[in-house]
Structures are given as C-alpha cells and as structure tokens.
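Right, one structure below, let's go through it.
The values are calculated or read from the model by the stated rules, or taken from the named source; none is laboratory data. These figures come from a predicted structure and were not determined experimentally. Every residue, glycine as well, gets a Cβ built from its backbone with ideal geometry; the counts of neighbours run over all protein chains shown.
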Amino acid sequence: MPEFLPVDEQLDLLEKGAAEIIRLADLRERLEESRKAGRPLRVKAGFDPTAPDLHLGHTVLMRKLRHFQQLGHTVIFLVGDFTSLIGDPTGRNVTRKPLTREQIDANAETYKQQVFKILDPEATEVRYNSEWLGKLDYEQTIRLTAHFTVSQMLERDEFHKRFQAEQPISLHELLYPVMQGYDSVALQCDVELGGTDQRFNLGCGRELQRHYGQKPQIILMTPILEGLDGVQKMSKSLGNAIGINEPPAEMYGKLMSISDELMWSYWTLLTDLKQSEIDVLRKDAASGLQHPMWIKRRLAGTITAGFHGDRAATAAEESWSWMFQQKGIPENLEEVAVAFADVAGPNGTSQIRLSKLLVQLGLAASGAEANRKIAEKAVKLDGELAENPLVSAPTLPARLVVRLGKRAKVAVVA
RNA sequence: GCACAGGUGGCCGAGCGGUUAAUGGCAGCAGACUGUAAAUCUGCCGCUCCUUGCGAGCUACGGAGGUUCGAAUCCUCCCCUGUGCACCA
C-alpha cells in the first residue's frame, strides 16, 4: 500500500502558486481519504495538441502536475486529440480552424517529448480523448448536451463577449466544454488542473460528473503567466513567449528582459523556491539590500538550468554578461553555416551582400528589413558598425560575427 | 430565403475616383538612456533587385470580372460575418 505524506504537507506544496481551488475543503477531504485508503488521486490536465512548441506559460500547469506526481498521485496527461478537432474557443475572439488528423498526431508527439522534460514519464498516464469521445454516437451526444442549457453556455465569458460584440460563434464551439467535461467522467477524475481561463470548462466536468453519479472533481486553477511584455498572457502568436526548447543563451537573455515587477510571479510560478523565501527576496529588493538585477539573474539562471542543466546555464549567464554589460562579443555564439552563393554580392566579385547575410542568419525577416536596419546603424560586424551594404570577404571560408541590436550570431560563409 | 449593416496592412480603425504603400492608435524592431531592465524620447515599420538612390520593379484594401487615362474608392456577380424578419402574408 503506497504511503502518502501528511495532508498538511501535501497541501503546502499543492497550494503554492495556485490561483484558486474549488474547493479547498474538498481537496483536503479527498486527500485524507486517499491517504487512509492508500489510493492515489487521479489528477488530470488536458492539452490541446495545437501548439507543438511549448513555452514557459504551459509549464506553470505542468509543474503543478509534477507536484501531484511527487506526492505519489496518478497524473493523467490527456491529449485532446478529439477536442482539437473543434479548437478550444478560450482566449479567441475568432473561431479556430480545425486541424487535420495528421497535424494532431504530429503535434501530440512533439508535445509529449517536451512535456517529459518536466513530468516523470514513468509515473504519467498518457491518454487520448478520442478513446471515448470517438465512440459516442449521435444519440449519446444528444443526451450529453441535454445536461446543459444555452444560457449556461452563453454565460461563459468568451461566448458572452463575442455574442455582445456580434461576432460569430459556431454551434460546434459550444460542444467544447461539454466534451472536456465528459473527459472527467470517462477518466473518473478526482482533480482537474487548468489555467484560470479554463474555469468554465473545468466546471462542466463537475456538473457532468454529478449527472453520472460521480463525486465532482476538485478544480485547481493556475494563474496565466504573463509574457515578456508583462501585460498579455504568454503566447507564441503574441511574440512574448519563451519556448522551452530555446537555446540557453536565448532563454536567459529573454528572462533578463522582463520587468522587475514581473519577475516575482515568475519566481512563484516557474521555480521551486518556497513562497516564504521569495517574499524575503522581494523585501530585500524593496529595501535596497539586494539589487533587483542580481535577483533577476538568479531567476534566469535557475530557470535556464532547469531545462538545460547547470553548465549550460552558467555559460549562458557568462555570455549574457559579456554581451550586454560589457557590450563585448561572447565566445560561444551560435554559428550558422551559410553558402556563399546565397549571400553573393555583384557578379564576379568576392563581396557579400550584408542584407542577405542577415536574412540567412535569421536576424532579419526580409531583405528590405535588413537594409533598413543597416541604414539605422543597428548592424555591427566583428564589433564594428557596418554601414556599407557590401562586405568584402577576404578568403573563404570566412567567419563573421554579425550583430543586429541585441542579438548576434556567427556566420561561417563557405 | 428576404431586408439592412459590414469585410482595409499582425490587430483596431480612417479613407469613399488621382502626390494613397494607403491618416491614426496598438503591437513589433532599432537608437539614446539604463541594470540588455521598466518608463521616457527619437527613428523605422509590404516584398524583391541592384549601380544603396530621397533608385527601379512587383504585390496589397474578401474573391472574380467590368467602367475609367487612373479604383480600396463607381458597377455586376460571387463568398463570408452580424442584426432583423420568416403562422395568418
């Protein structure tokens, strides 16, 4: 029979960084029962395999899942392969395009690879909701939807807003919360985790479980992580995200660019430091005992190390410091191999067209943009301001340190 | 199906026959300042090419045609969205 920690100790970890728990008393009770019976709780979180590139925002929830896992409970990683045929309307003012089966499968695979950087694969139950949703026939679906009313659905903020704004709401979108709720029934969940934006969907699970004679699940909501701008939620499409697969230097640098204020919620949501310790840091920063920059550097180092290991994090920190504080050129810059033919200048000469080089390196989105940046004196070559669109390449292969604004890369032209 | 209102660059939103690659706001990028912060100020902000010039060409205002020297702006058809109507009629 598995042993569980005393309930208060479990709650101490589980409550950290949770935005809201419905209801805390029930969770406590359920934990008591589980401990007494030696039965792990079934904890579910659903993921839409729509965005194969996970960012730190997604990890807030996964870290919470891991907490349950660490405490010995059963974590169910639910791939919403079926629901993503609909596309969750959350956070959207427009109807999503449905994905194809192939896209979903491919996305789910990448998803898992990334998720297991945080979760223990051995202790995770991976499920797909097509398993049960795909089997529902039309009649069963009708019976399922009969448990909800139209006005219940329209109460949901997203729908309400769209309705008020006279924007389209497709009928099938109303099915999303119903299906997510049914997932909880099918899996007999004790707890479901989700972001605060999932409140409505999570609640549907409780509602349906009651109808199916199950104890309504406990809901634990995690806050939505703000992106680099500190205003909007972290999202790849808003361009304010830090991907968990980004190279260490990139990750570290982005973390350093957040505002001082934002850093506190990152500490809470993205690290294992105890809340009490974080509060001390905050006090020290306010009183001037510790410079906020150093606290931020520690944050960036901690998070980077979590994904890339201590050594990589230290290297990232060093090159950041070198590059931005001393405005130097770090040693371990990313090298990109570039074919001379792709960046060749006028015919017959050995010159390189700088704008093309910037595009090849991914530092500029287009040649036109690259040219503008050159004109704006934002480009440096080997530390020297580059104002000429043509660069003479002495001998091939040539090694050039190219810098545009905050980012720099080494081009190896051959 | 009918009536009405709409569909403009990443988003919001002007323009309603001609210096309109398209006012303005947001977002973004770069420069200054800093702790690569934030805030602020300044510049940029469709793409391609080169002889990098206040250069040339191409593409763009839901789609397809048309009128015109010239259309995001006018006409026709189509697609999409919202609202209202839809028993007696």
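The table below lists the values:
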quantity: Some residue of segment A:341-361 being surrounded by 15 or more Cβ atoms within 10 Å (Cβ to Cβ), of a type in the set (Ser, Thr, Tyr) and touching a Gly at 6+ places or on another chain (Cβ under 8 Å); calculated: yes
quantity: Selected residue (only one of A:Gln290, A:Gln275 is touching an Asp or Glu at 6+ places or on another chain (Cβ under 7 Å), of a type in the set (S, T, N, Q) and more than 9 Å from RNA strand B (Cβ to nearest atom)); calculated: A:Gln290
quantity: Within segment A:1-86, strands (runs of 3 or more DSSP E) holding 1 or more residues that are surrounded by 22 or more Cβ atoms within 10 Å (Cβ to Cβ) and touching a residue at least 12 places away in the same chain (Cβ under 8 Å); calculated: A:42-47, A:74-79
quantity: Single condition A:Leu174 does not satisfy, out of (1) away from RNA strand B (no atom under 16 Å from the Cβ); (2) modelled with pLDDT of 80 or more; (3) out of contact with any strand residue (DSSP E or B) (no Cβ under 8 Å at 6 or more places or on another chain); calculated: (1)
quantity: Residues satisfying the stated conditions in segment A:176-200, i.e. in contact with a Leu (Cβ under 9 Å, 6 or more places away or on another chain) and in contact (Cβ under 8 Å) with a residue 60 or more places away in the chain; calculated: A:Met179, A:Gln180, A:Asp183, A:Ser184, A:Leu187, A:Cys189, A:Asp190, A:Val191, A:Glu192, A:Leu193, A:Gly194, A:Gly195
quantity: Pick from segment A:259-272, criterion outside any helix (DSSP H, G or I) and either among the polar types (S, T, N, Q) or within 6 Å of RNA strand B (Cβ to nearest atom) (or both), ranking: nearest to A:Gly301 (Cα to Cα); calculated: A:Thr271
quantity: Segment A:23-57: number of residues that are of a type outside the set (A, V, I, L, M, F, W, C), within 20 Å of A:Tyr176 (Cα to Cα) and modelled with pLDDT of 85 or more; calculated: 2
quantity: Residue count for segment A:217-242, restricted to those that are surrounded by fewer than 20 Cβ atoms within 10 Å (Cβ to Cβ), touching a residue at least 12 places away in the same chain (Cβ under 8 Å), at negative phi and not hydrophobic (A, V, I, L, M, F, W, C); calculated: 4
quantity: Qualifying positions in segment A:156-186 - polar (S, T, N, Q) and within 30 Å of A:Val126 (Cβ to Cβ); calculated: A:Ser170, A:Gln180, A:Ser184
quantity: Matching residues in segment A:232-258 - criterion: being in a loop (DSSP other than H, G, I, E, B) and near RNA strand B (Cβ under 9 Å from one of its atoms); calculated: A:Gln232, A:Gly239, A:Asn240, A:Ser257, A:Ile258
quantity: Any pair with Cβ under 9 angstrom, 6 or more apart, that starts in segment A:396-408 at a residue that is hydrophobic (A, V, I, L, M, F, W, C) and ends at one that is near RNA strand B (Cβ under 10 Å from one of its atoms) and in a loop (DSSP other than H, G, I, E, B); calculated: A:Val402/A:Leu363; A:Leu404/A:Leu363; A:Leu404/A:Ala364; A:Leu404/A:Ala378; A:Ala408/A:Leu363
quantity: Residue identified as modelled with pLDDT under 85, closer than 22 Å to A:Pro247 by Cβ and over 34 Å from the mean Cα position of the chain (by Cα) among A:Val413, A:Val343, A:Val391; calculated: A:Val413
quantity: Count of residues meeting criterion [of a type outside the set (Lys, Arg), over 21 Å from A:Pro223 (Cα atoms) and part of a helix (DSSP H, G or I)] in segment A:160-183; calculated: 13
quantity: Enumeration of residues in segment A:24-63 that are more than 28 Å from A:Glu102 (Cβ to Cβ) and among the basic types (Lys, Arg); calculated: A:Arg28, A:Arg30, A:Arg35, A:Lys36, A:Arg39, A:Arg42, A:Arg63
quantity: Helices (runs of 4 or more DSSP H) fully within segment A:303-414 counting 1 or more residues that are within 8 Å of RNA strand B (Cβ to nearest atom) and polar (S, T, N, Q); calculated: A:354-360, A:367-375
quantity: Condition check for A:Pro89: in a loop (DSSP other than H, G, I, E, B), modelled with pLDDT of 85 or more and either crowded, with 16+ Cβ neighbours inside 10 Å or of a type in the set (Gly, Ala, Ser) (or both); calculated: no
quantity: Check on A:Lys236, out of contact with any helix residue (DSSP H, G or I) (no Cβ under 6 Å at 6 or more places or on another chain) and under 25 Å from A:Phe68 (Cβ atoms); calculated: no
